[in-house]
2 protein chains.
Amino acid sequence: MNAEIIAVGSEILLGQITNSNARFLSNHLAELGINVYYHTVVGDNADRLKDAIEIAENRADLIIFTGGLGPTKDDLTKETIARHLSTTLEMDSEALESIQAYFKKAKRVMTDNNKKQALVLKDSEVLVNHHGMAPGMLYKTEGHVFMLLPGPPKEMEPMFQFEGKPKLARLLNKEDVILSHVLRFYGIGEAELEDRLQDLLDQQTNPTIAPLASDGEVTLRITAKTDTAEKAWTLIDKSKKEILARVGQYLYGYDDDSLASKTIELLKEQEKTISAAESLTAGLFQSELASVSGASAVLSGGVITYNEEMKISQLGLSAELLAEYGVVSEQTAKAMAEAVRAKFKTDISVSLTGAAGPDAHGDQPAGTVWIGIATEADTQAYQLQLSGMRNTNRLRAVKLALYYVIRTLTDYNARKI
Amino acid sequence: MNAEIIAVGSEILLGQITNSNARFLSNHLAELGINVYYHTVVGDNADRLKDAIEIAENRADLIIFTGGLGPTKDDLTKETIARHLSTTLEMDSEALESIQAYFKKAKRVMTDNNKKQALVLKDSEVLVNHHGMAPGMLYKTEGHVFMLLPGPPKEMEPMFQFEGKPKLARLLNKEDVILSHVLRFYGIGEAELEDRLQDLLDQQTNPTIAPLASDGEVTLRITAKTDTAEKAWTLIDKSKKEILARVGQYLYGYDDDSLASKTIELLKEQEKTISAAESLTAGLFQSELASVSGASAVLSGGVITYNEEMKISQLGLSAELLAEYGVVSEQTAKAMAEAVRAKFKTDISVSLTGAAGPDAHGDQPAGTVWIGIATEADTQAYQLQLSGMRNTNRLRAVKLALYYVIRTLTDYNARKI
């Protein structure tokens, strides 16, 4: 089964929002073994949407639409599909009740245009919206499956996950087992990684090995297609061993691991706590850790000292040290890490200080960052020179800090492959 | 001039990354008055890319490609375009030198596959890559303009902004002036806003009024198309006045304003400083403020107390208060805000405490949040009940906290329209 995802919304074509739904859906479709060959975005325009549907029908079996199910005049996805398929819309009483209940719960007045949201394609299976008003739909024709989902991710995601995806899984004729395993690397560039694996990449047929770089990370997705899960894992495992024998020292995790989740996992395993003193990143490091459910078991907290005065009054750094070495320096990074570790009584602590840009910080050019890591054993500091824009630099510094924490918590060279 | 943006990369179709480039480019093309009618994403597959190019040629004058210019075997954008247009690729000596210099600067060994990146379409204008290796290209045929840009946003964005966009502006036959103005609202739903403006939305022709909701914010984009900038602004201004007469009390900013930038702007104007004590959001509130360049003039910093113990030891909250009211309570939110304001000696302070989810926090269900705001005059606390997933809730809480700070700093009812 091949799929195309069509997002409907002029706001995407105007650049007001990103089509993040396509990513979410693609991820889940890949898990089902459904090949996604195209994403399309089209505006709130019936003629162009109709053209997009016709093109998609020629190249996909499953067409998933997101957006255009809302209450306003711009929302015309289901109306256009109904016209194209020569069918009609009818009021779904359950959806209407749920919309009324939603307004009641939110203590807001229901306006007339909201009723339009309860209209669904005749003979479609309704997908219930537990986080908003517009219901989704699954509609089958002779050659195609149409799935209509709302645009807001907080409505679309749970609807797809709990209603749409199970329905698709049942529709699939599951002869093939397709399994993927993602290896996550840090500290090695994409080209270098590929160079070291060139012969493996050249030979690949089953499993396939797909490299991907983003934000300083490189991943390899190994995908095997065969008739049983056991055989698929055997294929994947063999390929994985060959890869790790060459670049295993850069591996930090697998699949859904992130640098933050891996950090939390290691801290939990080792029963260690962490704190941070952030200047440059102003809380982004700790916020990344806290994005992982269960972080509170190991993250104690920390201090954000966004100016020099606060580094003195809140962390107890000496004015002399700051005057001699500057705020963006190895010495300051180390002193910040040590101070916050003592203050929050944690096993490990991290400090981040630097010039995010666009301006330099004193004599330190934009992009200069110092990361400090303090443990009971010692305090280390790492310098980075980043070349991105302000918020890219801040995020990159956070990722590098997480990477150094992981390195501190593990001995990469001793890693068992 | 109508445009289509084609992103090339299987990693997007596999859901490993989001096509954020399309948003960035759409935004800039809208500024140039170029209509973007479609976004397409296609994988690293020469046949399907060729099909996508043919479809795009039928419906767009300008086709912008992102991705597939890298060193690996998967990268085949320029090769496929060259074949489709019956032209060839040739080595660009400047690009090759720049790639060699890049490796020298990064102190990394240049592998052979990196040379492929210096190949460009014969007779194309080369767009220099200042943040990576692969050069971009602008190539004109009789009926179309092709622009090829690298995939990584940190390379693509500056290349388009400083090289691609000026070249497009020169290509355009500038008869029309198209100007947009965005009004930003908070605290009102999309349906309610539209209901109040229904007749204006029904009548709209020039200027057009386009509503958009995301993450609790609603925006209206007013776009006028005429022959002079002055006339366009007169049209926009008239429409804006009519809108603000009805819903002006929910307006918080314009155009590129964000809740964070507006907060920083107001604090600067009023020469006030801000601090925060974060539990739930673990630094995300302060990090949002720090994402605005120049935040250091008003953001002093704050404390992250991610467990109960730290609320006592770092903020001096009493164990009795926490025992009596709980960590997620009005009383705790107020005490946290007051404590951090005193500690960091700022004019205003914010606290965030709550249960982000998925688990409840004691007897407080997931999604319960308390926000405290302390000033010299008084301390207020606001309760929210959010229904999203963990990280949606954390972001929503930050946005609401920024909104309450803005409300505290301004008197909305007295706003001049």
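The values are calculated or read from the model by the stated rules, or taken from the named source; none is laboratory data. Nothing here was measured: the structure is a model prediction, and the numbers come from that model. Neighbour counts run over all protein chains shown; Cβ positions are idealised from the backbone, glycine included. The area values use the complete protein model at the heavy-atom level, side chains included, leaving out ligands, DNA and RNA. Shrake-Rupley method; radii C 1.70, N 1.55, O 1.52, S 1.80 Å.
Counting only residues that are in a strand (DSSP E or B) and open to solvent by 50 Å² or more (accessible area, probe 1.4 Å), the range B:125-145 holds 2 of them. The requirement of being open to solvent by 10 Å² or more (accessible area, probe 1.4 Å), hydrophobic (A, V, I, L, M, F, W, C) and farther than 24 Å from A:GLY151 by Cα is satisfied by B:ALA229.
Tell me, which residue of the range A:236-271 that is among the small types (Gly, Ala, Ser) and either open to solvent by 40 Å² or more (accessible area, probe 1.4 Å) or free of Cβ contacts under 8 Å to residues at least 24 places away in the same chain (or both) is farthest from A:LEU395 (Cα to Cα)? First the steps, then the outcome.
Step one: filter the range A:236-271 for residues among the small types (Gly, Ala, Ser), giving A:239, A:245, A:248, A:253, A:258, A:260-261.
Cutting the leftovers down to either open to solvent by 40 Å² or more (accessible area, probe 1.4 Å) or free of Cβ contacts under 8 Å to residues at least 24 places away in the same chain (or both) gives us A:245, A:258.
Numbers: A:ALA245: 30, A:SER258: 13 Å.
Ranking the qualifying residues of the range A:236-271, first place goes to A:ALA245.
Among residues that are loosely packed, with under 15 Cβ neighbours inside 10 Å and more than 20 Å from B:ILE6 (Cβ to Cβ), B:LYS107 is included.
When you check A:THR346 against the structure, is it open to solvent by less than 30 Å² (accessible area, probe 1.4 Å), within 11 Å of another protein chain (Cβ to nearest Cβ) and hydroxyl-bearing (Ser, Thr, Tyr), yes or no? Steps first, please.
On the way: open to solvent by less than 30 Å² (accessible area, probe 1.4 Å): yes; within 11 Å of another protein chain (Cβ to nearest Cβ): yes; hydroxyl-bearing (Ser, Thr, Tyr): yes.
When the stated conditions are applied, A:THR346 passes them.
Residues that are facing chain A (nearest Cβ under 7 Å), among the charged types (D, E, K, R) and more than 18 Å from the chain's Cα centre (by Cα) within the range B:1-27 comprise just one, B:GLU11. Just one of the numbered conditions (1) modelled with pLDDT under 95; (2) open to solvent by less than 20 Å² (accessible area, probe 1.4 Å) is not true of B:ASP363: (2). When you look at A:ALA397, is it in contact with a Leu (Cβ under 8 Å, 6 or more places away or on another chain), assigned to a helix (DSSP H, G or I) and within 14 Å of chain B (Cβ to nearest Cβ), yes or no? Taking the combined requirement at face value, the residue satisfies it. Is the range B:28-42 home to any residue that is within 7 Å of chain A (Cβ to nearest Cβ), open to solvent by 10 Å² or more (accessible area, probe 1.4 Å), touching a Pro at 6+ places or on another chain (Cβ under 9 Å) and among the small types (Gly, Ala, Ser)? Taking every residue of the range B:28-42 in turn, none turns out to be within 7 Å of chain A (Cβ to nearest Cβ), open to solvent by 10 Å² or more (accessible area, probe 1.4 Å), touching a Pro at 6+ places or on another chain (Cβ under 9 Å) and among the small types (Gly, Ala, Ser). Looking across the range A:126-141, the residues that are out of contact with any Gly (no Cβ under 9 Å at 6 or more places or on another chain) and in contact (Cβ under 8 Å) with a residue 40 or more places away in the chain come down to A:PRO135, A:MET137, A:TYR139, A:THR141. Taken as a whole, the condition of being of a type in the set (Asp, Glu), open to solvent by 40 Å² or more (accessible area, probe 1.4 Å) and not in a loop (DSSP other than H, G, I, E, B) applies to B:GLU57.
If the condition is being in contact with a Gly (Cβ under 7 Å, 6 or more places away or on another chain), open to solvent by 30 Å² or more (accessible area, probe 1.4 Å) and assigned to a loop (DSSP other than H, G, I, E, B), then the range B:146-180 contributes B:PRO152, B:ASP176.
Conditions tested, residue by residue: (1) assigned by TED's automatic domain parsing to the domain that holds B:ARG83; (2) farther than 29 Å from A:ASP112 by Cα; (3) open to solvent by 50 Å² or more (accessible area, probe 1.4 Å).
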position	(1), (2), (3)
B:VAL182	no, no, no
B:LEU201	no, no, no
B:ASN206	no, no, yes
B:LEU212	no, no, no
B:THR234	no, yes, yes
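Suppose we filter the range A:79-97 for residues that are out of contact with any helix residue (DSSP H, G or I) (no Cβ under 8 Å at 6 or more places or on another chain) and surrounded by 15 or more Cβ atoms within 10 Å (Cβ to Cβ); how many remain? So the count comes out to 3.
Name the single residue that is least open to solvent (accessible area, probe 1.4 Å) among those in the range B:12-27 being assigned to a loop (DSSP other than H, G, I, E, B) and in contact with a strand residue (DSSP E or B) (Cβ under 9 Å, 6 or more places away or on another chain).
Our first condition is that a residue be assigned to a loop (DSSP other than H, G, I, E, B); within the range B:12-27, this holds for B:14-19.
Cutting the leftovers down to in contact with a strand residue (DSSP E or B) (Cβ under 9 Å, 6 or more places away or on another chain) gives us B:14-17, B:19.
Values: B:LEU14: 52, B:GLY15: 1, B:GLN16: 29, B:ILE17: 41, B:ASN19: 25 Å².
This residue is B:GLY15.
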